[in-house]
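The values are calculated or read from the model by the stated rules, or taken from the named source; none is laboratory data. Remember, predicted model here, so these are calculated numbers, not experimental data. Because the Cβ atoms are built from the backbone with ideal geometry, glycine has one as well, and the counts that use them run over all protein chains shown. Side chains included, ligands, DNA and RNA excluded: accessible areas come from the protein's heavy atoms. Shrake-Rupley method; radii C 1.70, N 1.55, O 1.52, S 1.80 Å.
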Amino acid sequence: MWRHRPALCFLERGCILAASKTVSSSQVVMTQLVLPSHTNSLGSVFGGTIMSWIDICAAICSQRHCNKETVTASIDRLDFVAPVYKGWVVNLKASVNYTSRTSMEVGVRVDAENPKTGETFHTASAYLTFVALGSMGKPTEVPGLVLESDDDKRRFEQAKKRREIRLQNKTR
Ligand SMILES: CCCCCCCCCCCCCCCC(=O)SCCNC(=O)CCNC(=O)[C@H](O)C(C)(C)COP(=O)(O)OP(=O)(O)OC[C@H]1O[C@@H](n2cnc3c(N)ncnc32)[C@H](O)[C@@H]1OP(=O)(O)O
């Protein structure tokens, strides 16, 4: 089978990582219906429920990128921009923004949809770091990223800066 060479491979510290993959090859789109059990006494979704959906959506994305088990190492600041109510639909989209040796930053955008009006709006966004685990349960190398679009390149550069800040602020 003929394969064209990746347009661009961004690798950190000159490390050659095997079989770089495109951002689009691991993107995840996940849809949830807000049930009564997801809501608080105000009728809006618990923040923790949305956090759980974000974690699962991002975990699937990270595992799809590296075809290994991954664990959540950290979740950056998460702002809830607008409430989401019972009966509404929540759409989550996850993409790998950045990879380094054993870790990946995954960005998740959460949009809510009011099924009665068809109106959709941004409700939350988050950046999560996942670490791939090898057979001994230790961190193991992940494939690099092939950056195809201008958005891929912009997100990669922004994620690189966030990683530096994140590691400076790490508690241990
Ligand atoms: C096979 C396909 C199946 C597909 C099927 C799909 C099904 C999909 C099901 C969903 C499945 C749900 C999965 C949910 C995911 C959890 O809920 S996991 C549970 C919550 N998380 C945990 O329990 C993690 C606990 N922490 C740990 O195990 C360790 O601290 C870690 C994260 C593995 C790191 O270990 P460590 O010894 O500190 O490793 P170290 O070598 O120092 O660092 C390794 C990398 O981690 C980075 N790192 C370490 N700490 C941090 C931090 N705080 N912040 C950022 N980066 C960090 C380092 O920078 C380094 O990155 P690189 O420079 O190598 O890229």
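Miscellaneous remarks
- Only one of PRO143, PRO115 that is touching a Lys or Arg at 6+ places or on another chain (Cβ under 6 Å) and either part of a loop (DSSP other than H, G, I, E, B) or of a type in the set (Gly, Ala, Ser) (or both): PRO143
- Residues that are open to solvent by less than 50 Å² (accessible area, probe 1.4 Å) and either near the ligand (Cβ under 10 Å from one of its atoms) or modelled with pLDDT under 95 (or both), drawn from segment 137-161: GLY137, THR140, VAL142
- When THR102 is tested against (1) crowded, with 16+ Cβ neighbours inside 10 Å; (2) farther than 27 Å from ARG166 by Cβ; (3) not aliphatic (A, V, I, L, M), only condition (2) is not met.
- Among the candidates THR171, THR129, the residue that is within 8 Å of the ligand (Cβ to nearest atom), in contact with a strand residue (DSSP E or B) (Cβ under 9 Å, 6 or more places away or on another chain) and either part of a strand (DSSP E or B) or free of Cβ contacts under 8 Å to residues at least 40 places away in the same chain (or both) is uniquely THR129.
- Only one of SER95, SER74 that is among the polar types (S, T, N, Q) and away from the ligand (no atom under 14 Å from the Cβ): SER95
- Segment 18-71: number of residues that are within 16 Å of the ligand (Cβ to nearest atom), under 24 Å from ASP150 (Cβ atoms) and either in a strand (DSSP E or B) or hydroxyl-bearing (Ser, Thr, Tyr) (or both): 7
- Out of GLY118, GLY107, GLY134, GLY87, sole residue that is without any contact (Cβ under 8 Å) to a residue 12 or more places away in the chain and open to solvent by less than 70 Å² (accessible area, probe 1.4 Å): GLY118
- Residue selected from segment 18-51 under the condition more than 17 Å from LYS86 (Cβ to Cβ) and touching a Phe, Trp or Tyr at 6+ places or on another chain (Cβ under 9 Å), by the criterion least open to solvent (accessible area, probe 1.4 Å): VAL23
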